[in-house]
Amino acid sequence: MASVSVDEAMRRAIELAGRGLGATSPNPVVGCVLLDADGEVVGEGFHAYAGGPHAEIVALAQAGTRARGGTAVVTLEPCDHTGRTGPCSHALIAAGVSRVVIAVPDPNPVASGGAATLRAAGVQVALGVRTQEAEAGNVAWLTSMRRGWPYVIWKYAATLDGRSAAADGTSMWITSEAARIDVHALRGTVDAVLAGVGTVLTDDPRLTARNLRDGTLAIRQPLRVVVDSSGRTPADARVRDGAARTWIATAAEVGAGPDGRVDLAALLAELHHRGVRAALLEGGPTLAGAFLAAGMVDRIVGYVAPKLLGAGPAALLGAGVSTIADAIDLEITDVTRVGPDLRITALPRKREG
Ligand SMILES: NC(=O)c1ccc[n+]([C@@H]2O[C@H](COP(=O)([O-])OP(=O)(O)OC[C@H]3O[C@@H](n4cnc5c(N)ncnc54)[C@H](OP(=O)(O)O)[C@@H]3O)[C@@H](O)[C@H]2O)c1
């Protein structure tokens, strides 16, 4: 087999890492490619699920003795601690790998230190290959580990005139089946799905990740979280159907903000504590407005349907904006057609001061 460059191996490792997206929390996604001394690929691996073998271990098992004198190309600094599995730094040293190339250092104080351990054992360590790309592939985990609360994606559906429901309150099926299938795939990549009690009372959503054609549930279900200050979620609400774990987060349990409603910062801190690294905020406009006003949204995914309603609630309410100068500026990072609808992905620009 022809030899590959370290850069090419890292590109492949990042691609492998992405296969674990949605299944590894509270761990990161990680990919690893092992090259022998001649630069030939002798092992590949990715972290497939929390508690499962780490990417390096899978690649080392494939490579066997061919790892000796070779290079391990990893998307994240190899761990240096014994958790559910042993330290990868030690496994790489034991296998006789002579060089380790890392895209991103591990921000987790519990697991970091792998690079130092490798260096101390005489292994050459290089940092910084395809760092931006590897960061982007692990953005939710890295962001949540660095600041201690989950990466929040606000997803909404609206008509071209920005309505999230009709004047009579009906809002189901604003967007097409293709868009709804896309949303279910998005749910499969996060650890929690959040909705306000207003949405539960109006739409009674299930908030599960499932195949829309036959209704079968995805193997891994995000935690369903209803943000419900005073516990108004009905006993027979679908979110209580047992199809997935559900947490009715009340002000009594989480703590209340100055307005008496659930304290959102405390809510996110508690979700992080429960292992949630990526959360999908699914509504509705009041809760989304409160999250945006607090600067707690990291990414926006809007599904815009080719429909006009002319009346009915807006997709967003009370985001703390009263004048155009205070508008929340966004950077659009992707526009994709999903069936007849548009999916627009945007990042809120950081505000000054
Ligand atoms: N098109 C879409 O993408 C979409 C998505 C979802 C919903 N919807 C539509 O939105 C409508 C419901 O709107 P909504 O605004 O009432 O629903 P919502 O945003 O889901 O729920 C709002 C409720 O969340 C509770 N809450 C708890 N803590 C809060 C906090 N810190 N900040 C803000 N709210 C907090 C409040 O009730 P308590 O104070 O009692 O807790 C509040 O009334 C429905 O018509 C639904 O169909 C549309």
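Remarks
- Enumeration of residues in region 204-216 that are modelled with pLDDT under 90 and either near the ligand (Cβ under 8 Å from one of its atoms) or assigned to a strand (DSSP E or B) (or both): Arg210
- First in region 99-117 and over 15 Å from Asn27 (Cβ atoms) and without any contact (Cβ under 8 Å) to a residue 60 or more places away in the chain, second anywhere and surrounded by fewer than 22 Cβ atoms within 10 Å (Cβ to Cβ) and not hydroxyl-bearing (Ser, Thr, Tyr), Cβ under 6 Å, 6 or more apart: Arg99/Gln124; Val100/Val123; Val100/Val125; Ile102/Leu127; Gly113/Asp80; Ala115/Val125; Thr117/Asp80
- Of the numbered criteria (1) within 16 Å of the ligand (Cβ to nearest atom); (2) surrounded by fewer than 23 Cβ atoms within 10 Å (Cβ to Cβ); (3) among the basic types (Lys, Arg), the one Arg224 fails is (2).
- Residue count, region 298-314 (criterion: within 19 Å of Val335 (Cα to Cα) and either near the ligand (Cβ under 8 Å from one of its atoms) or of a type in the set (A, V, I, L, M) (or both)): 5
- Candidate set from region 236-273 (those that are over 17 Å from Ala294 (Cβ atoms), surrounded by 15 or more Cβ atoms within 10 Å (Cβ to Cβ) and of a type outside the set (Gly, Ala, Ser)); member that is nearest to the ligand (Cβ to nearest atom): Thr250
- Conditions (1) part of a strand (DSSP E or B); (2) of a type in the set (Gly, Ala, Ser); (3) within 10 Å of the ligand (Cβ to nearest atom); number of the one not met by Ala279: (3)
- Flag for Gly86 being surrounded by fewer than 24 Cβ atoms within 10 Å (Cβ to Cβ) and closer than 20 Å to Val123 by Cα: yes
- Unmet requirement for Arg130, which otherwise passes all of (1) crowded, with 18+ Cβ neighbours inside 10 Å; (2) on the phi < 0 side of the Ramachandran plot: (2)
- Only listed residue being in the same structural domain as Asp168 (by the TED database) and more than 21 Å from Asp298 (Cβ to Cβ), chosen from Asp334, Asp329, Asp341: Asp341
- Restricted to region 163-197, and to residues there that are basic (Lys, Arg) and not in a strand (DSSP E or B), the residue that is surrounded by the most Cβ atoms within 10 Å (Cβ to Cβ) is Arg187.
- Cβ-Cβ contacts under 9 Å between residues 6 or more apart (or on different chains), taken from a first residue in region 181-210 that is of a type in the set (D, E, K, R) to a second residue that is part of a helix (DSSP H, G or I), are listed as Asp191/Ala140; Asp191/Leu271; Asp204/Arg238; Asp204/Val239; Arg206/Arg238; Arg206/Val239; Arg210/His184; Arg210/Arg187.
- Pair list, Cβ < 6 Å and 6+ apart or interchain, from region 238-266 residues that are under 19 Å from Arg187 (Cα atoms) to residues that are of a type outside the set (Gly, Ala, Ser) and assigned to a loop (DSSP other than H, G, I, E, B): Arg238/Asp204; Arg238/Arg206; Val239/Leu207; Ala243/Thr208; Ala244/Thr208; Ala244/Gln221; Ile248/Asp228; Ile248/Thr233
- Residue in region 18-34 that is buried (at least 18 other Cβ atoms within 10 Å of the Cβ), among the aliphatic types (A, V, I, L, M) and closer than 19 Å to Gln124 by Cα present: yes
The values are calculated or read from the model by the stated rules, or taken from the named source; none is laboratory data. Everything numeric in this text was worked out from a predicted model, so none of it was measured. In this analysis, Cβ positions are derived from the backbone assuming ideal geometry, glycine residues included, and neighbour counts consider all displayed protein chains.
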